[in-house]
Amino acid sequence: KKPAPDGVVALIEELGLEKEDCLYLGDTNTDMETGQNAKMDTIGVAWGFRGAEELRENNATYIVEKPEAILEYVI
């Protein structure tokens, strides 16, 4: 259960990926904590359940205001 990283880490391992090649996206403080606990960079999506201020306060690595802005970090 979030913010424990177990599920995220298990999924990454099952897919044969490295954490360094993944990003954790979310819209709440719990999502940012989960990504941080998994030792991953996080993208806070400001259009979600909570706003950009909460994401900033919870140390999102990046914050995006619209979905297409995510492409800047994945391409």
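The values are calculated or read from the model by the stated rules, or taken from the named source; none is laboratory data. Every value quoted in this text rests on a predicted model; they were computed, and no experiment measured them. Glycine also receives a Cβ, built like all others from the backbone with ideal geometry; neighbour counts cover every protein chain displayed. When the accessible area is computed, the model is the full protein with side chains, heavy atoms only, and any ligands, DNA or RNA have been set aside. Shrake-Rupley method; radii C 1.70, N 1.55, O 1.52, S 1.80 Å.
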* To do: Would you be able to say whether some residue in the stretch 66-73 is surrounded by fewer than 19 Cβ atoms within 10 Å (Cβ to Cβ), in contact with an Asp or Glu (Cβ under 6 Å, 6 or more places away or on another chain) and at pLDDT 95 or above?
  => no
* To do: Count, please, the residues in the stretch 12-47 that happen to be under 20 Å from Lys1 (Cα atoms), assigned to a loop (DSSP other than H, G, I, E, B) and open to solvent by less than 80 Å² (accessible area, probe 1.4 Å).
  => 5
